[in-house]
Amino acid sequence: MIAIHSPRRRTALVLGAALLCLSGLARGADPLATVRGLEHASLLLVEPDGTTAIAQDATTPRVPASTMKLLTAYAALETWGREHRFHTDVRLDDDGVLWVIGHGDPYLVSEELMRIATALRARGLTRINGLGLDTHALGADTEIPGRSRTSNPYDAPLSALAANFNTVSLIREADGRLRSGESQTPLTATARALGAGLGAGRHRVNLIDRARAERHFGELFAALLERAGVSVAGPIRQARAPRGARLVYRHHNSRTLAEMIAPMLEYSTNFIANGLFIMLSDPKDKGVAGMTEARRTVTRLARDRLGWRDAVIDDGAGLSRANRLSARQLVELLDAFAPYRDLMPRQDDDPRVLAKTGTLTGISSYAGYVRRNGGWGRFALLVEQPVDRGLRQRLASALAR
């Protein structure tokens with residue numbers, strides 16, 4: 001006999017089945033069976049010897065979320081090399097104005113800026129008649145698709161000179177006083193303005209937009225120069241450095257590119273990922289970095305190095321829902337990424353899994369390496385429907401078994 005249910009009854013049955021599925025997951029249901037039962041999921045597992053072990057909708061383009069950072073990391077490492085160090089130039093003009101010229105270093109934390117200030121003092125600099133910021137290396141095309149306008153650090157804007165990933169750490173005391181949340185970072189006027197409406201407690205907020213971020217950079221660097229013993233007189237200005245300004249110091253970041261990418265992947269730092277992405281722009285066309293040119297450059301690299309013809313690359317961090325990669329393409333990327341496998345995040349409590357997560361509302365992805373059959377297999381999971389957050393890790397551990 002065929003049972004016919006009303007729409008309301010069918011909805012109740014579907015919801016009941018979903019609850020049973022989630023309760024089954026909580027009881028340790030087979031994660032592979034769960035994934036196979038999903039309507040909008042792709043899964044590919046390739047053995048260490050290159051044979052396909054599992055394939056489910058492996059060629060269907062889907063939203064990769066933060067697994068997109070693997071492509072950005074690969075493009076940066078292949079373009080610049082593991083040992084590459086970003087540099088920042090400091091010049092002094094005839095009027096005694098010190099010019100800081102940014103070249104896209106995404107890891108200028110306070111400690112790094114203090115190293116610059118200390119090096120300048122060691123070179124005999126004791127006073128400057130103003131501070132200039134030369135940010136021409138980054139053009140006006142810096143809008144990141146998918147970036148939300150929140151104060152969350154993950155939504156930090158891009159800028160040519162960026163301090164502390166364009167975020168500030170603040171503490172609002174119970175008595176209302178505001179102070180920096182980091183002893184190495186003086187409290188700037190811009191940071192004070194951002195903290196004006198914060199409640200009591202510790203906060204980390206982003207600098208909202210490029211203009212504010214670069215103004216904060218100037219204020220912070222001026223304060224660190226003073227701390228190092230260099231007196232700063234005159235205003236902070238933003239312009240191209242005069243042609244005659246002489247180079248007094250070229251600072252190479254204490255971190256190599258590999259040492260930047262490992263934490264970028266582990267903590268899924270959008271600012272570093274899109275900072276690297278935009279600096280991959282081929283400067284021959286426009287002379288300055290920009291998102292449009294970065295898309296062309298990375299798309300061309302994916303075509304030439306990986307053979308991709310239909311990937312959609314819209315940003316370097318995976319914030320954009322316009323990005324499209326298939327599980328097959330992610331596994332091809334992992335094959336090419338093998339020399340850099342040591343930079344991958346290790347799954348908590350399971351050293352057999354080295355993988356990158358990706359999460360957006362309604363999107364759950366995971367891609368990386370699993371230890372099996374005496375070597376490292378490659379897998380990619382792309383899900384475009386709500387699922388239990390821990391499903392992907394349980395699946396990866398099951399694949400490693």
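The values are calculated or read from the model by the stated rules, or taken from the named source; none is laboratory data. All values reported here derive from a predicted model rather than from experimental measurement. Virtual Cβ from ideal backbone geometry, glycine too; neighbours counted across all protein chains shown.
General observations
- Yes/no for V370 being over 23 Å from V298 (Cα atoms), in a loop (DSSP other than H, G, I, E, B), aliphatic (A, V, I, L, M) and in contact (Cβ under 8 Å) with a residue 12 or more places away in the chain: no
- Positions within the stretch 330-367 being outside any loop (DSSP other than H, G, I, E, B) and either modelled with pLDDT under 95 or of a type in the set (S, T, N, Q) (or both), in sequence order: T357, T359, S364, S365
- Taken across the stretch 89-103, residues that are in a helix (DSSP H, G or I) and at pLDDT 95 or above do not occur at all.
- Taking the criterion of being in a loop (DSSP other than H, G, I, E, B) and either touching a strand residue (DSSP E or B) at 6+ places or on another chain (Cβ under 8 Å) or modelled with pLDDT under 95 (or both), the residues of the stretch 126-143 that qualify are T126, G130, T135, H136, A137, G139, A140, D141, T142, E143.
- Selected residue (criterion: farthest from A396 (Cα to Cα)) from residues of the stretch 365-376 that are in contact with a Ser or Thr (Cβ under 8 Å, 6 or more places away or on another chain) and of a type outside the set (A, V, I, L, M): S365
- Residue ID - surrounded by the most Cβ atoms within 10 Å (Cβ to Cβ), chosen from residues in the stretch 100-120 that are within 13 Å of R255 (Cα to Cα) and out of contact with any helix residue (DSSP H, G or I) (no Cβ under 9 Å at 6 or more places or on another chain): E112
- Filtering the stretch 279-310 to residues that are touching a residue at least 40 places away in the same chain (Cβ under 8 Å) and under 25 Å from L43 (Cα atoms) leaves V298, L301, A302, R305, D310.
- Pairs where the first residue, in the stretch 386-399, is over 17 Å from N373 (Cβ atoms) and the second is assigned to a loop (DSSP other than H, G, I, E, B) and of a type outside the set (G, A, S), C-beta under 6 Å, 6+ apart: Q393/Q347
- The listed residue being without any contact (Cβ under 8 Å) to a residue 60 or more places away in the chain, surrounded by fewer than 16 Cβ atoms within 10 Å (Cβ to Cβ) and closer than 30 Å to D95 by Cβ, out of E173, E226: E226
- Within the stretch 44-91, being touching a residue at least 40 places away in the same chain (Cβ under 8 Å), surrounded by fewer than 20 Cβ atoms within 10 Å (Cβ to Cβ) and on the phi > 0 side of the Ramachandran plot holds for D57, G81.
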